[in-house]
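One structure is given below, represented as structure tokens, and several questions about it will come after.
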Amino acid sequence: MFKKLALLPLLLMACAPWVSQVNQGPRLVVSSFSRGVAWAYGRNVYVLQGPRYELEKVTLPAPVSGLAWWKEDLYASLPASSWVLKVQGVSDVRPLGRARALSANLVYLDNGDVLTPEGNLTAYRFPGFIQDVLSVDQTDFVLADEKLWKLDKGVASLVRKSNGPHLVAVPGGVETALVPTVQVQNKRFTLEGQTAFLKTLDGTLLKSWKLDQQRECNWGVVYDQVMLVCKDGFFQRFDLELNAVGSAL
């Protein structure tokens, strides 16, 4: 099902300039939770939720800088309007500021402030460029200016210098990776160029799968399936042996 979201477009046109430190042009943004995965590029947001996995496309009034599932509802940040809004269902528009990124726990603003989803200011500050954010339970891990930070109990602690632009959830925390990567049940799924690889944790190759054309993509995980999602709306579901299941757009 495809639809447009007509949300106060005239007000949006009258807002602050669209040029932002948030993004140097559109980028692919992905957010997963236990029952679904969403991804955005520019103004388009794509949503897949189990068990039916029917693709829904929502076109927002301005480009998206972040996506997050809050209490199983999907929210998107629109820095041009200083809004964070609910993508599906009953409208919920929160004037939280020009957000660079969202996580399951926090909102990261362009001026370096970090807020709760309710709009309360936290003790954290991140004035630099944010490459990636990943929530593990109630803890956020932030990749900013090539450094990995852990946010816990009001303190941002430097974990280490990053060796890649992507965060990967692993038992006990996160790791960084050079290419889009997810780890599920002691296996790693990586996307290297236009080829998806399934590997053991020691790097042994188990299987590969190749895209039919050049696309910018990343990974999501829903239930016991791994999703390859791409900025043009293409997606492919895999089982944990990298066998393609279901259908792709």
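Which percent of the accessible area of segment 72-120 is formed by carbon and sulfur heavy atoms (probe 1.4 angstrom)?
Accessible surface attributable to carbon and sulfur in segment 72-120 totals 48 percent.
Still on this model: Quickly work out the residue 178-to-residue 224 label distance, labels modelled 7 Å from Cα along the C-beta direction, and quote it in nm with one decimal.
In this crude label model, residue 224 to residue 178 measures out at 3.4 nm.
Shifting gears a bit: What are the aspartates and glutamates whose alpha-carbon lies under 17 Å from the alpha-carbon of residue 71, with same-chain residues fewer than 8 places away excluded?
92, 118, 137, 140
Moving to a separate point now. Take every Cα pair under 8 Å in segment 146-242 that's 6+ residues apart, average their separations, divide by the length, and report that relative contact order as a whole percent.
14 percent
Between residue 147 and residue 54, what is the label-to-label distance in nm when each label sits 7 Å out along the Cα-to-Cβ direction?
About 4.8 nm separates the two model spin labels.
Further question: Can you list the HN-Hα couplings for segment 181-187, worked out from phi with the Karplus curve (6.51, -1.76, 1.60; θ = phi - 60°), rounded to whole Hz and with x for Gly and Pro?
Karplus values, whole Hz, x for Gly and Pro: 8, 10, 10, 9, 6, 6, 10.
How high is the relative contact order of segment 31-128, in percent, with contacts defined as C-alpha pairs under 8 Å that are six or more residues apart?
Computed over segment 31-128, the figure is 16 percent.
Relative contact order (percent) for the chain, with alpha-carbon contacts under 8 angstrom and 6 or more residues of separation?
Relative contact order for the chain comes out at 11 percent.
Moving to a separate point now. Please compute the net charge surrounding residue 180, taking Lys and Arg as +1 and Asp and Glu as -1 over other residues with Cβ under 14 Å from its Cβ.
Neighbourhood net charge equals +1.
Same structure again: Quick check for you: with a 1.4 Å probe and neighbouring chains kept, what is the accessible area per residue of the chain, in Å²?
48 Å²
Let me ask something additional. Within a Cβ distance under 14 Å of residue 171, other residues only, what is the Lys/Arg minus Asp/Glu net charge?
0
Filter the cross-link list 86/161; 187/210; 147/210; 57/86; 57/147; 210/231 down to pairs whose alpha-carbon distance in this structure exceeds 25 Å.
Check vs 25 Å cut-off fails for 86/161; 147/210; 57/147.
Additional query: Name the residues of segment 205-249 whose amide N is less than 11 Å from a point 7 angstrom out from the Cα of residue 195 along the C-beta direction?
Under 11 Å, as judged by backbone N against the label point of residue 195, lie 207-211 of segment 205-249.
Quantify how much of the Cα-Cα distance distribution of segment 63-194 extends past 22 Å, in percent.
That fraction is 38 percent.
Now a separate question. Divide the volume of the convex hull of the Cα atoms of segment 137-216 by its number of residues and quote the answer in cubic angstrom per residue.
Hull volume normalised by residue count: 112 Å³.
Once the other residues with Cβ under 9 Å from the Cβ of residue 75 are scored (Lys, Arg +1; Asp, Glu -1), what is the net sum?
Computed value for this residue: 0.
The values are calculated or read from the model by the stated rules, or taken from the named source; none is laboratory data. Source: prediction; values computed, not measured. In this analysis, Cβ positions are derived from the backbone assuming ideal geometry, glycine residues included, and neighbour counts consider all displayed protein chains. To get the accessible areas, we keep the full protein, side chains included, count just its heavy atoms, and leave off ligands, DNA and RNA. Shrake-Rupley method; radii C 1.70, N 1.55, O 1.52, S 1.80 Å.
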